[in-house]
């Protein structure tokens, strides 16, 4: 008899077994090992996340970024019984833009200041916590609060993109750092607030920093080692297609940050990524031209990062209509499209299959466009000229006067908070801002690591908010839920006939997905900026919301008054029905 050792490292189990030397499979072995990791996330799990109702594995639950869950345990009939099952306090203030990611009953969530927790999804019991020490000089380089949008889960790791421009890989069982790679330069204002995408052994992400005049980019690194795989600049340099849309050296400070997670079509192995506003934000006169590829959606080869095609929404933007919002991939009515809600005040359906060659590359065809709310910066946008705007000269932003009542405000339209496409109703649910603004441009010189806005006057005017539901096949408005304030969270739609969202007053809401009728709400105690998600643990469905007031755009101005009677605070609240 020969004694053999079997090591189950990841499960922290070591078993000593005695086997007969005559055993067929054991012949010639002195030692056999096996590594087991609970919550190990495979490529197959991610590629089939849309069919996996129990988990929430990706930014939009699936690679198509639908934010739709087929779960039905929580539904219209019992939603009034929805109650808080458990709550996690983050112990930090400021804006909370994250969401709960769920793997086989374990929840991973981040907070401001780059903290990460692993939590039992049924009880809220904390498994581990990671706290990052940030350099003190990073905070002046942050446009829009100390936020983070969540971790990517892949294999036996969770991946955090940090404010000081690192990607950190953590062991999913212990929270210990496996590796920590410096990717960008925060002193240049390259900062990370994004939830990375895990895709076929790569971790893909983009930088923030357009408000500081960075030259934006999207990059991929090896998931096992953190080694660079590719890096694609969103602002073309000399000799690259589109550089001629930037006069002089303006491309060097062109913005085009990419801090919202993209989407992926596995059938064609195609990556879709949104790109934000040009720099300076409000002075278009120093960068006359279309300013590609800002305020655009890029279509890339995920293996090389090569740009295959694009669609540009707001050329030579003087309004900070940041085009970084998500792209939802939809196959509907025999058409493959992506849906994009823009801060420029419009909802678009873009053909994923058909393009037209331009001197800058291949541009996609616009299938339909509809205004989300009051729009006056452009004449009505139509498909006749492929949904290109025709600017209203009365609303131009100039140096010598204040341009009044521009609609929409820089928040949109639609802010970064993601919309949802329901596979049940074939509708897209959009959190809509209906506000105006006053602007005056100012000449500025770019200085490394300093604000580069190009604005002398920036005022927000009174308005309202909406949740609007549109037919995804046609763009026709189906229902409109008007509110005093816009939804400042993402949207979640479910197979139970529900749409969930949060608002800046601190209410987490559920409405009927077919009519918009209010069905339930809960006061979490602070304004909501995070995204709702849903998952199962122990066979029971839970709905999770990250809350904590803060963030960028108009709401820090609003919160200045709101804080006179309310307080900051951040946490995760998880709900269920008994």
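The values are calculated or read from the model by the stated rules, or taken from the named source; none is laboratory data. Only a predicted model underlies this, so the values are computations on that prediction, with no experimental measurement involved. Here Cβ is always computed from backbone atoms with ideal geometry, including for glycine, and neighbour counts include all displayed protein chains.
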Failed criterion for residue 303 (all others in (1) buried (at least 24 other Cβ atoms within 10 Å of the Cβ); (2) in a loop (DSSP other than H, G, I, E, B) hold): (1)
Selection count, segment 524-544, where residues are free of Cβ contacts under 8 Å to residues at least 60 places away in the same chain and touching a strand residue (DSSP E or B) at 6+ places or on another chain (Cβ under 6 Å): 3
Residue check, residue 177 under 24 Å from residue 157 (Cα atoms) and in contact (Cβ under 8 Å) with a residue 12 or more places away in the chain: yes
Unique residue being part of a loop (DSSP other than H, G, I, E, B), within 23 Å of residue 235 (Cβ to Cβ) and at pLDDT 95 or above when the list is 204, 167, 194: 194
Residue 459, sole failed condition from (1) under 28 Å from residue 80 (Cβ atoms); (2) surrounded by fewer than 18 Cβ atoms within 10 Å (Cβ to Cβ): (1)
Qualifying residue in segment 507-514 (condition: at positive phi and either modelled with pLDDT of 95 or more or touching a helix residue (DSSP H, G or I) at 6+ places or on another chain (Cβ under 8 Å) (or both)): no
So residue 503, is it under 21 Å from the mean Cα position of the chain (by Cα) and over 20 Å from residue 151 (Cα atoms): yes
All positions within segment 228-268 that are closer than 27 Å to residue 181 by Cβ, part of a loop (DSSP other than H, G, I, E, B) and more than 24 Å from the chain's Cα centre (by Cα): 237, 240
Residue 375 vs. criteria without any contact (Cβ under 8 Å) to a residue 40 or more places away in the chain and either under 26 Å from residue 265 (Cα atoms) or assigned by TED's automatic domain parsing to the domain that holds residue 251 (or both): yes
Any hit, segment 322-341, residues being in contact with a helix residue (DSSP H, G or I) (Cβ under 8 Å, 6 or more places away or on another chain), in contact (Cβ under 8 Å) with a residue 60 or more places away in the chain and not in a strand (DSSP E or B): yes
Any hit, segment 214-223, residues being at pLDDT 95 or above, closer than 17 Å to residue 304 by Cα, touching a helix residue (DSSP H, G or I) at 6+ places or on another chain (Cβ under 9 Å) and assigned by TED's automatic domain parsing to the domain that holds residue 165: no
Residue within segment 438-447 that is part of a strand (DSSP E or B) and crowded, with 23+ Cβ neighbours inside 10 Å present: yes
Every residue from segment 342-362 that is in a strand (DSSP E or B) and surrounded by 22 or more Cβ atoms within 10 Å (Cβ to Cβ): 346, 347, 348, 349, 350, 352
Flag for residue 124 being in a loop (DSSP other than H, G, I, E, B), in contact (Cβ under 8 Å) with a residue 24 or more places away in the chain and out of contact with any helix residue (DSSP H, G or I) (no Cβ under 7 Å at 6 or more places or on another chain): yes
Hits in segment 526-561 - residues which are surrounded by fewer than 18 Cβ atoms within 10 Å (Cβ to Cβ) and either at pLDDT below 95 or not assigned by TED's automatic domain parsing to the domain that holds residue 491 (or both): 556, 557, 558, 560, 561
The one condition in (1) over 25 Å from residue 175 (Cα atoms); (2) loosely packed, with under 14 Cβ neighbours inside 10 Å; (3) at pLDDT 55 or above that residue 25 fails to fulfil: (3)
Scan of segment 398-422 for residues that are buried (at least 16 other Cβ atoms within 10 Å of the Cβ) and over 19 Å from residue 346 (Cβ atoms), ordered by number: 403, 422
Check on residue 311, part of a strand (DSSP E or B), at pLDDT 95 or above, closer than 18 Å to residue 245 by Cα and in the same structural domain as residue 457 (by TED's automatic domain parsing): yes
Condition check for residue 452: part of a loop (DSSP other than H, G, I, E, B) and out of contact with any helix residue (DSSP H, G or I) (no Cβ under 7 Å at 6 or more places or on another chain): no
Segment 104-117, residues that are surrounded by fewer than 24 Cβ atoms within 10 Å (Cβ to Cβ) and part of a strand (DSSP E or B): 106, 115, 116, 117
